[in-house]
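What follows is calculated from the coordinates using simple rules that are stated; it is not laboratory data. This structure is a prediction, so every number in the text was calculated from the model and none was measured. As a convention, Cβ positions derive from the backbone with ideal geometry for all residues, glycine included, and neighbour counts pool all protein chains shown.
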Amino acid sequence: MPKAKQEGVPAFRLKYDICRNLLGKPGYLEFVEYVLKSYPPTKTLSQERILTLADSFAEGETHKPTTSTGPRLVWEALPYALDCDHTVTGVMLMNASTIERFIQYLPTDLQVRARQILHGDVELTPEQSSRLARPETASVSLNICDHRFAMRIRHTGVIETVGSEVRKHKAIDIRHHYLDPDTANAWTSLVGSGAAYPVYEECRLALNALVESEPWRKALAITEPNTVAMLAGGGAPTKDCVLMNSLLMHIDRNRMIHYSLMDTSPFMLIQTACWMCDHAQANVSQFERIDLDLTYGNILGLDDEDRRFFHRHGKALFGMTGVTIGNMSEKAFFESLDRASESGDLFFMSAETISDDLSDEKAVIDKYDNPNMRRFIEPVVSSVVRASNSGESVEHALSRKKTRLLPVGPKSGSNINGSRSVIISLEVPGQEVTLVKSTRYNEAELNAYADAFDWEPIAAVSPSGIKSHLKQFLFRKR
């Protein structure tokens, strides 16, 4: 009599590929070791035992664990490693009959990333889907709004969940405000709201003033950049149009301009690409000379591979608009940019400045205390409330948020002297959670800080015709 076919774990390969990518552990041994050490009952297992369990776990495609002492231990520990809800068990993850059911057991933050790994709202072949889980760079071709776009996918490790950040008393990673369709749409609504969030339009007007300035024209003539790398570049297509029109006017008409948008949110990238498909021809003269590509990756994790990619056609122009510098550690950003840049490159960024006497404190705070801003932070506030187990409604939590302007120091999160940071926070049981940080700078101190990283200040330009503290700063790498 023939042997009965042995049953494996349903969709084992897909489950494993999703989990190893989410945890940043590409091999069976390091994956199993990490998972087991995340779970109190198995954290003290010997290395020999872990090795045996890794070998057994790897056979999950054809062998479904049945005993509690074998590779089933890995499945029992997995909900802890993934920070799943306390109602989710390892057996539920193991026995999930479809990959969609498995994904639904994951934390909300990870469900989005799991679907990106699996197919990411675009059609990927199984081979491409497998490549997304590898630690090296992958490249896929996306069909967006009937146009083909190349997207580089840079493996930059996991983004800690909101729940984990709350439990560890950490500030919320700014990337959580852009990672999924809801937050990306909230951003689009915010910047489209005009008076409710004037920073976006002020930034565009300041960029207009910069590209019409003499220092800008001289810098382009000297550097002749062939590649533009827009860092955190998703979600600002009207500013992309301003920049493209200037470059197409000042750079040799016989040359293509390689325009790369890099963002940690694929949804922000895809929204921008769709907008370009629909509106670029009408807003950008000679758009056919623009070679647009997308990079899904962390701008704080730039490395030598990015340096080679951005310089494959010559010198590079790096850009970061939207006062994004104020949302992150300036030290981490400039160290990252240093790894990807070369002598002679250009870099421009927008930042808001502030006077020393704090006479404009109320005006600065008011920019962040309005209904549109509350709608923008609502998805993250929802995650914070859920993680704190307070039982409070999201609406009530939003009504309690605090908006303050703090000087440079541990709570402000800024590395630059003379800066002041707008902090939006929410008190939950046992702590105060920082939801958003946005820093304003003393112009001279910001220039000095960039200069210490060998970025020579060239210009600082304000928008024309309006009163604004926002400026576009232009630098050249020594």
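How big is the gap, in Å, between the Cα center of segment 388-415 and the Cα center of segment 286-308?
34 Å
Note down the net charge around Phe473, summing +1 for each Lys or Arg and -1 for each Asp or Glu among other residues with Cβ under 13 Å from its Cβ.
Result for the local shell: -4.
Among Lys315/Lys477; Lys315/Lys471; Lys437/Lys471; Lys331/Lys437; Lys168/Lys362; Lys37/Lys168, which pairs are too far apart, with a Cα-Cα distance over 21 Å?
Working: Lys315/Lys477 11 Å; Lys315/Lys471 24 Å; Lys437/Lys471 19 Å; Lys331/Lys437 15 Å; Lys168/Lys362 32 Å; Lys37/Lys168 18 Å.
Those over the limit are Lys315/Lys471; Lys168/Lys362.
I'd like the antiparallel share, as a percent to the nearest 5, of DSSP beta bridges with both residues in segment 340-478. Don't jump to the answer; show the numbers that get you there.
Values: 28 of 30 bridges.
Once the DSSP bridges in segment 340-478 are tallied, antiparallel ones form about 95 percent.
Looking at segment 171-478 only, what percent of DSSP beta bridges run antiparallel? Nearest 5 please. Display every interim value, and only then the final one.
Details: 28 of 50 bridges.
Of all bridge pairs located within segment 171-478, approximately 55 percent are antiparallel.
What do you get for Rg/Rh over segment 253-317 if you use C-alpha atoms and the Kirkwood form of Rh? Show your work: numbers first, answer last.
Details: Rg = 13.2 Å, Rh = 13.2 Å.
Answer for segment 253-317: 1.00.
Using unit Cβ charges (K, R positive; D, E negative) and no other charged atoms, how large, in debye to the nearest 20, is the dipole of the chain about its Cα centre? Mind dumping the intermediate values first?
Numbers: 54 positive and 61 negative charges, 122 e Å.
About 580 debye.
For segment 1-105, just say rounded, prolate or oblate: build the C-alpha gyration tensor, square-root its eigenvalues into a ≥ b ≥ c, call rounded for a/c under 1.5, and beyond that prolate if a/b exceeds b/c, oblate if not.
Numbers: a/c = 1.60, a/b = 1.16, b/c = 1.38.
Note, shape of segment 1-105 comes out oblate.
Could you pull out every residue, at least 5 positions away or on a different chain, whose amide H is within less than 5 Å of the one on Arg440? Hs are placed 1.01 Å off N in the peptide plane, and Pro or chain starts have none.
Amide H neighbours of Arg440: Arg420, Ser421, Val422.
Which ³J(HN,Hα) values in Hz, rounded to whole numbers, follow from the phi angles of segment 201-216 under the Karplus curve 6.51 cos²θ - 1.76 cosθ + 1.60, where θ = phi - 60° and Gly and Pro get x?
5, 4, 5, 5, 5, 5, 5, 4, 5, 5, 6, 9, 8, 5, x, 5
For segment 304-351, give the magnitude of the charge dipole about the Cα centre (Cβ charges: +1 Lys/Arg, -1 Asp/Glu; no others), in debye to the nearest 20.
Working: 6 positive and 8 negative charges, 27 e Å.
Dipole magnitude for segment 304-351 comes out near 140 debye.
Provide the FRET efficiency to the nearest 0.05 for the Glu224-Ser329 pair, computing r from the beta carbons and using R0 = 41 Å.
Details: r = 32 Å, r/R0 = 0.78.
In this case the efficiency is close to 0.80.
Per-residue HN-Hα couplings for segment 92-108, Karplus 6.51 cos²θ - 1.76 cosθ + 1.60 at θ = phi - 60°, whole Hz, x for Gly and Pro?
4, 5, 5, 8, 3, 6, 10, 5, 5, 4, 4, 5, 5, 7, 7, x, 3
What FRET efficiency would be calculated for the residue pair Gln104, Arg339, taking the C-beta separation as r and a Förster radius of 35 Å, to the nearest 0.05? Spell out each step's value before the answer.
On the way: r = 38 Å, r/R0 = 1.09.
The formula returns an efficiency of 0.35 here.
Using the Karplus curve 6.51 cos²θ - 1.76 cosθ + 1.60 with θ = phi - 60°, what ³J(HN,Hα) values do you get for each residue of segment 450-464, in whole Hz, with x for Gly and Pro?
Per residue, the Karplus-derived 3J(HN,Hα) values read 5, 4, 5, 9, 6, 9, 6, x, 10, 7, 9, 10, 9, x, 7 Hz.
Using alpha carbons only, how many degrees (0 to 90, rounded to 10) separate the axis of helix 237-250 from the longest principal axis of the chain?
In the chain, helix 237-250 runs at an angle near 50 degrees to the longest axis.
Provide the FRET efficiency to the nearest 0.05 for the Lys402-Glu7 pair, computing r from the beta carbons and using R0 = 35 Å.
Numbers: r = 55 Å, r/R0 = 1.56.
The pair Lys402/Glu7 has a calculated efficiency of 0.05.
In nanometres, what is the gap between the two model label sites at Cys277 and Gln431, each 7 Å from Cα along Cα-to-Cβ?
Reported label-point gap for Cys277 and Gln431 is 4.1 nm.
Taking H placed 1.01 Å from N in the peptide plane, check which residues at least 5 places from Leu292 or on another chain put their amide H under 5 Å from its amide H.
Tyr259
Place a label point 7 angstrom from the Cα of Arg49 along the Cα-to-Cβ direction, then list the residues of segment 76-97 whose backbone nitrogen is under 17 Å away.
The answer is 76-78.
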